[in-house]
Amino acid sequence: MQKGSGKKAGMRVWLDGKILKYDDAKVPILTHSLQYGSGIFEGIRSYETEGGAAVFRLRDHVDRFFRTAKIYSMEMQTGRSELEKAIAEVVRINGAPHTYIRPFAFYNDDNIGVSTEGKKVSVFVAAVPFGQYFKASKGIRCKVASWHRIKSDVLPIEAKASGNYLNSIIASTEAKASGFDEAIMTTSEGFVAEGAAENIFLVQNGRLVTPDKSSAILMGITRDTIMKLAEEIDLEIEERQIHREELYTSDEVFFSGTAAEITPIINIDGIKIGSGSEGRITKELSKIYQDAVHGRIKAHADWLTPIKFR
Ligand SMILES: Cc1ncc(COP(=O)(O)O)c(C=O)c1O
């Protein structure tokens with residue numbers, strides 16, 4: 001198996017209750033979840049705050065992880081509080097305040113066969129130092145993918161499961177091959193759904209508009225955060241089905257996500273959005289979001305789980 005390279009080789013991860021060196025956490029190449037995409041996961045961030053490092057909305061991410069496991073009847077030996085502690089421990093032990101944290105549950109079994117019956121479920125947690133997800137800091141260019149977003153009669157879209165990401169990968173690959181930064185997916189009915197790993201918001205006449213639950217979206221925790229923060233500055237928010245052409249005529253468009261944070265979208269399908277640069281409301285929300293994740297909004301201190309570096 002390929003060895004951990006560079007910084008990863010020095011990393012420590014948590015696997016089924018044990019802290020291991022990255023290179024010592026190994027699985028057989030026939031592992032079920034590697035073959036069939038049967039893993040489930042979360043993507044969480046930790047940030048530097050005035051009081052030290054802290055994990056953002058840890059409980060909400062762990063809740064979604066366990067909801068995904070329930071959907072797939074995945075029986076883990078790891079409980080909620082054990083997982084929360086493991087996540088905090090992995091961030092602490094690796095000593096970097098800004099990380100992307102990946103809890104992952106998978107069928108740790110190398111018997112051929114799609115059935116998961118009787119197969120052991122393992123859980124790992126890794127945390128890698130992480131900065132900005134998209135390189136274009138002033139805004140990205142997106143393409144509406146020819147691939148539609150999967151929907152719940154095919155695969156549970158509210159589950160954050162590995163297999164779902166083949167849909168994201170094929171759409172994103174298409175967008176990148178055409179010279180764009182990211183894909184925007186629509187539902188099979190043609191309504192706007194989301195990015196490959198991001199929710200989407202539109203700004204129309206000073207109001208926020210975002211696809212509703214019926215638009216085949218993952219119910220993002222950043223999406224929820226933004227909606228709460230927007231309410232606090234009296235921005236009106238509308239959750240509804242969105243026509244593709246509204247993307248082009250909106251004043252501003254941005255992505256939201258744990259990795260993407262708030263990323264302005266300045267061009268879609270070659271059409272300039274608004275003024276063609278980051279819009280005023282996107283900028284304002286992005287600042288407030290950064291304040292929240294860095295612990296500068298006292299009223300939202302409960303969104304942060306402090307990590308004690310020794
Ligand atoms: C498909 C998809 N949609 C939306 C999101 C944004 O969700 P969150 O804000 O919880 O990170 C993600 C990222 O996890 C995702 O993978």
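The values are calculated or read from the model by the stated rules, or taken from the named source; none is laboratory data. Just so it is clear, the structure is predicted and the values come from calculations on it, not from any experiment. Every residue, glycine among them, receives a Cβ derived from its backbone with ideal geometry; neighbour counts consider all protein chains shown.
Residues that are touching a helix residue (DSSP H, G or I) at 6+ places or on another chain (Cβ under 7 Å) and of a type in the set (S, T, N, Q) within region 216-250 comprise Thr225, Gln241, listed in sequence order. Taking every residue in region 211-237 that is farther than 18 Å from Ile44 by Cβ and pairing it with any residue that is among the polar types (S, T, N, Q) and not in a loop (DSSP other than H, G, I, E, B), at least 6 positions away or on another chain, the pairs with Cβ-Cβ distances below 9 Å are Pro211/Asn199; Ser215/Thr186; Ala216/Thr186; Ile217/Asn199; Ile217/Thr210; Met227/Thr210; Ile237/Thr210. Checking every residue in region 68-81 against the condition of being touching a residue at least 40 places away in the same chain (Cβ under 8 Å) and within 14 Å of the ligand (Cβ to nearest atom) gives at least one match.
I need the full set of residues from region 161-199 which are part of a helix (DSSP H, G or I) and in contact with a Cys (Cβ under 9 Å, 6 or more places away or on another chain), in order please.
Within region 161-199, Ala175 is the sole residue that qualifies.
For residues that are aliphatic (A, V, I, L, M) and within 16 Å of Cys142 (Cα to Cα), scanning just region 213-265, find the one that is nearest to the chain's Cα centre (by Cα). Taking the candidates together, the pick is Ala260. A single member of Ile40, Ile44, Ile19 is farther than 25 Å from Ala301 by Cβ, in contact with a Ser or Thr (Cβ under 8 Å, 6 or more places away or on another chain) and β-branched (Val, Ile, Thr), and it is Ile40. Residue selection: Val203 fails the criterion of being within 20 Å of the chain's Cα centre (by Cα), more than 9 Å from the ligand (Cβ to nearest atom) and either assigned by TED's automatic domain parsing to the domain that holds Tyr289 or surrounded by 21 or more Cβ atoms within 10 Å (Cβ to Cβ) (or both). Based on what the data block shows, is Ala175 without any contact (Cβ under 8 Å) to a residue 40 or more places away in the chain and over 23 Å from Gly39 (Cβ atoms)? Criteria met by Ala175.
Can you confirm whether region 267-281 contains a residue that is under 21 Å from the mean Cα position of the chain (by Cα) and either surrounded by fewer than 22 Cβ atoms within 10 Å (Cβ to Cβ) or in the same structural domain as His148 (by TED's automatic domain parsing) (or both)? Walk me through how you get there before you give the answer.
Pass one, region 267-281, residues under 21 Å from the mean Cα position of the chain (by Cα): none.
Within region 267-281, none of the residues are under 21 Å from the mean Cα position of the chain (by Cα) and either surrounded by fewer than 22 Cβ atoms within 10 Å (Cβ to Cβ) or in the same structural domain as His148 (by TED's automatic domain parsing) (or both).
The test for being more than 15 Å from the ligand (Cβ to nearest atom), in contact with a strand residue (DSSP E or B) (Cβ under 9 Å, 6 or more places away or on another chain), in contact (Cβ under 8 Å) with a residue 60 or more places away in the chain and in a loop (DSSP other than H, G, I, E, B) holds for Lys138.
Looking for something touching an Asp or Glu at 6+ places or on another chain (Cβ under 7 Å), within 13 Å of the ligand (Cβ to nearest atom) and closer than 25 Å to Val55 by Cβ - is there at least one such residue anywhere in region 177-187?
Checked region 177-187: no residue is touching an Asp or Glu at 6+ places or on another chain (Cβ under 7 Å), within 13 Å of the ligand (Cβ to nearest atom) and closer than 25 Å to Val55 by Cβ.
When the residues of region 190-200 are filtered to those that are within 13 Å of the ligand (Cβ to nearest atom) and small (Gly, Ala, Ser), the one that is nearest to the chain's Cα centre (by Cα) is Ala197.
Matching residues to (1) within 16 Å of the ligand (Cβ to nearest atom); (2) modelled with pLDDT of 95 or more:
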residue	(1), (2)
Met11	no, yes
Asp24	no, yes
His32	no, yes
Arg45	yes, yes
Arg64	yes, yes
Pro97	no, no
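Among strands (runs of 3 or more DSSP E) entirely within region 1-97, having at least 2 residues that are surrounded by 17 or more Cβ atoms within 10 Å (Cβ to Cβ) singles out 12-15, 44-49, 52-56.
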